[in-house]
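First comes the structure, then the notes that go with it.
Every read-out reported here was derived from the displayed coordinates using simple, explicitly stated rules and does not represent laboratory data. Please read these numbers as outputs of a predicted model, since none were measured by experiment. As a convention, Cβ positions derive from the backbone with ideal geometry for all residues, glycine included, and neighbour counts pool all protein chains shown.
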Amino acid sequence: MRKLVVIGIALIMILVGFLAFSTPAAAEGKPYKFELHNTYVETFDCDGYTLVHEYTLDRYVKFFYNKDGYVKAFWAHWKERGTWTCLETGMTLEDNSDLIRIVDYEKGTISVIGVPQKITVQGEGIVVHGSGIVVMKLPGGDPNLIIHEGGQHPILWGLWEPCDLLPYLT
């Protein structure tokens, strides 16, 4: 999962390269906003059980430019709404996240603020929860380059894997 977090951060940075310099706002030095809405499905094999993570990811991105028309920073608000389902039992858990990623090229940092994962079991409460802030040095948002961390981040540090949900779904 830690690898997925780093890959997600890298993909955002690639997206910036394609979009940031081709907007009318760049020439004017004004903020530019766009939205992306996608649905994803991932499957995981867990000791003979198949877990399916299906979620919708809404991203709202805003670029900020310097007076020369170059991107100086951008933020992306990510809202994920989804479920984890065990195909063999039909049991389902709710999975939601709400976070903001801020890339600041002038400071050379990427910040992730909010709740990257919150999985709830009915009757038991939250069983997986990551929240707070992580600030990393650019270029790739490498977790080894963390300069500030506040809160709990089990996914980032590899302390949680999808198969850990198996007891709640069987």
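Here are a few things to note about the model shown:
- Of the residues making up the range 43-73, those that are closer than 18 Å to D164 by Cα, touching a strand residue (DSSP E or B) at 6+ places or on another chain (Cβ under 7 Å) and touching a residue at least 24 places away in the same chain (Cβ under 8 Å) number 7.
- Restricting attention to the range 133-152, the residues being part of a strand (DSSP E or B) and buried (at least 17 other Cβ atoms within 10 Å of the Cβ) number 3.
- Extreme residue, surrounded by the most Cβ atoms within 10 Å (Cβ to Cβ), among residues of the range 111-128 that are among the aliphatic types (A, V, I, L, M) and more than 19 Å from T56 (Cβ to Cβ): V112
- Listed by first and then second residue, the pairs linking a residue in the range 145-170 that is closer than 14 Å to Y49 by Cβ to a residue that is part of a helix (DSSP H, G or I), with Cβ atoms under 8 Å apart and 6 or more places separating them unless they lie on different chains, form an empty list.
The rows are residues; the columns are (1) closer than 20 Å to V127 by Cα; (2) outside any strand (DSSP E or B).
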residue	(1), (2)
F44	yes, no
V52	yes, no
K67	no, yes
A73	no, no
A76	no, no
G82	yes, no
T85	yes, no
D95	yes, no
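- Extreme residue, surrounded by the most Cβ atoms within 10 Å (Cβ to Cβ), among residues of the range 89-110 that are of a type outside the set (D, E, K, R) and more than 17 Å from the chain's Cα centre (by Cα): L93
- Failed condition for G69, given (1) closer than 28 Å to C46 by Cβ; (2) more than 17 Å from the chain's Cα centre (by Cα); (3) not polar (S, T, N, Q): (1)
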